[in-house]
Amino acid sequence: MNKEQALSKFKELEEKLSHYRSILALVQWDMETGAPKQGVPYMASAMGSLSTEVFRIMTSEEMGECLQVLTEETNKAEWDLRTSASLREAKRSYEQSKKIPEKLYSEFVVLTANAQSIWAEAKKTDNYSLYEPTLQRIIEINREFTQCYGYHEHPYDALLDLYEPGYTVGVLDPLFSNLKDRTLSLLKRIQASLNKPREDIFGQGFDKQKQKEFCYHLLPKLGFNLEAGVLGESAHPFATGISLRDVRITTRYIDDVRSSVLSVIHETGHALYEQGIDPELEGTFLRDGASMGIHESQSRFLENMVGRSREFWTSLYPDLQKTFLGELQQVSLEDFYRSLNIVEPSLIRTEADELTYNLHIMIRYELEKAMIQGDINAKDLPEIWNSKMREYLGVVPPTNAEGVLQDIHWSFGEFGYFPSYTLGNLYSAQIYHVIQQQIPEFHQLLTQGNLLPIREWLREQIHQYGKTYTPGELIEKISGEKLNADYLIQYFEEKFSKVYQIEPAK
Ligand code: ZN
């Protein structure tokens, strides 16, 4: 195969894989939002067939040959930024898939497929020992994976690299320990505050139809393009890009209006990213976020720095009040804003507030590192989980269902994924710092309800590139420095010292 033939074959495979990926995303969306319950198993197996086909093409001899020709030293220099980034991504997936022996991978697929229902049963009946042998095998296979992938310093690095390329234990440990110490110090001052926000505002049983109307009112204001996107409903809110012109998000409507509104803002953050990717990248390996963490930075930025700010609600709160006259007429903007930012250590990660959320992630990070290194096993988990909860959050779960069994991720076999959430928060604060310098009227724009210049800035700096840059390259390109925990700490100090009327740390 010569260079020209290899390039044209590569582009053909790339486009085919992208088409398959769109179809998989669409079926996944359908299964979570509308498919009748009895139809799910058949479509799940149909998805299995298509996923296998994707894997087969990705690891095919043809793909291998193309990559070999196109990434030869003599050819490398010729490629433009996009082609070389596409080749980088393809090579990464190709090599990762090739490193895992087929037999081990098949065992892993069957094990994790069964693990999800075993986990669900164990959680429902609060019976950890039912789940323990399965989890133990998942841990062991992940340990074997790290040997297959290879690593330089810590075996966990091999797994981190799957979600956040370039990040290692050596990078995360100092970031997380700095964040932990400063968070605990701030938390202590918050808990001692004598001026706490009201806690009665959101427990009033907000009408679901009205919540829905308000969410649709919100979408265009956030910059979501409704002609290239859809809002649906699902038990767990999510965002998915079917294509660049078809980006779908969900929310859920429960009694508490915070849940639907903040989920819509969060998922819109993901959606703006997908809708903002350069159309030229459609059908390529670059039609995606730079990493899990960078994607999450966009949702957290919109949810926390925008959607939980006083300025944002200055323009929108009158509309929310009009929608919920009975519930909110007597609630001032200030009380509403402060309640939106209540900090309270709690048991469940997904319901945690903005500040204590990262402590939940750090617990999982510490445990995963130790499991992968072989220092702890599944049988040790409940006890260590509870002692870490006491150390980090000062609360201890009364049951394993509310403790070690609360998240589904380990049943998927996913290790190395949780840190991306905190990385997302760290990136978002660093981006927040830069955007305020580059758009000095940032807060005025929020007060006016004019988010378009902010969306354009994010598009220009981040969204348009898709996966062209690695996460490390991208954050340096935006901010001129590596990821640094000080920005998130500073943001927390400023915000919560106002919300709780306490002295900020010196
Ligand atoms: Zn998210």
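All of the numbers you see were taken from the coordinates with simple rules; none came from a lab. Here the structure is a predicted model, which is why all the values come from computation and not from measurement. Ideal geometry is used to build each Cβ from the backbone, glycine not excepted, and the neighbour counts take in all protein chains shown.
Where both partners of a DSSP beta bridge lie in the chain, what percent of those bridges are antiparallel, to the nearest 5?
Restricted to the chain, the bridges split so that about 45 percent are antiparallel.
With no solvent and one point per C-alpha, what does the Debye sum give as log10 I(q)/I(0) for region 109-219 at q = 0.12, 0.14 Å⁻¹?
-0.93, -1.02
Using Cα-Cα distances under 8 Å and only pairs 6 or more residues apart, what relative contact order does the chain have, in percent?
21 percent
Could you give the length gained by full extension between ASP335 and GLU481, i.e. 0.36 nm per residue of separation minus their alpha carbon distance, to one decimal place?
This chain segment gains 48.8 nm when fully extended.
Say the cut-off is 21 Å between C-alpha atoms; which of LYS188/LYS388; LYS208/LYS495; LYS11/LYS91; LYS180/LYS482 go over it?
Those over the limit are LYS208/LYS495.
What's the FRET efficiency of ASN127 with GLU383 using the Cβ-Cβ distance as r and R₀ = 22 Å, to the nearest 0.05?
0.85
For the chain, take the longest principal axis of its alpha carbons; what is the angle in degrees between that and the long axis of helix 102-124, to the nearest 10 within 0 to 90?
Value to nearest ten degrees: 20.
How about LYS212: which lysines have a C-alpha closer than 26 Å to its C-alpha, ignoring those fewer than 8 places off in the same chain?
List returned: LYS37, LYS221, LYS322.
Could you work out how far the C-alpha centroid of region 366-412 sits from that of region 1-79, in angstrom?
Between the Cα centres of region 366-412 and region 1-79 lies a distance of 36 Å.
Nearest 0.05, what FRET efficiency do SER60 and VAL27 give at R0 = 25 Å with Cβ-Cβ as r?
For SER60 and VAL27, the calculated efficiency is 0.65.
Given a Förster distance of 25 angstrom, what is the FRET efficiency for ASP181 paired with VAL395, based on the Cβ-Cβ distance and rounded to 0.05?
0.85
Need the full-extension length gain, HIS443 to ASP255, defined as separation in residues times 0.36 nm minus the C-alpha distance. One decimal, nm.
Taking 0.36 nm per residue and subtracting the Cα distance, the gain is 64.6 nm.
Give me the orientation-averaged projected area of the Cα convex hull of the chain, in nm², one decimal.
Convex hull of Cα atoms, orientation-averaged projection: 24.0 nm².
Once you have the Cα-Cα distance between GLU4 and LEU325, take 0.36 nm times their residue separation minus that, and quote the gain in nm to one decimal.
Extra length from GLU4 to LEU325 when fully extended: 109.0 nm.
Would you please give the residues with an amide H less than 5 Å from that of GLU233, counting only those at least 5 places away or on a separate chain, with H modeled from the backbone geometry?
THR251
If you count, for each residue, the other Cβ atoms within 10 Å and average over each peptide, how do 354-367, 307-320 line up from highest to lowest?
By packing density, highest mean first, the sequence is 354-367, 307-320.
Mind jotting down the distance between the C-alpha centroids of region 211-282 and region 288-325, whole Å?
12 Å
How compact and how long is region 1-110, expressed as Rg and Dmax of its alpha-carbon atoms in Å?
16.8, 55
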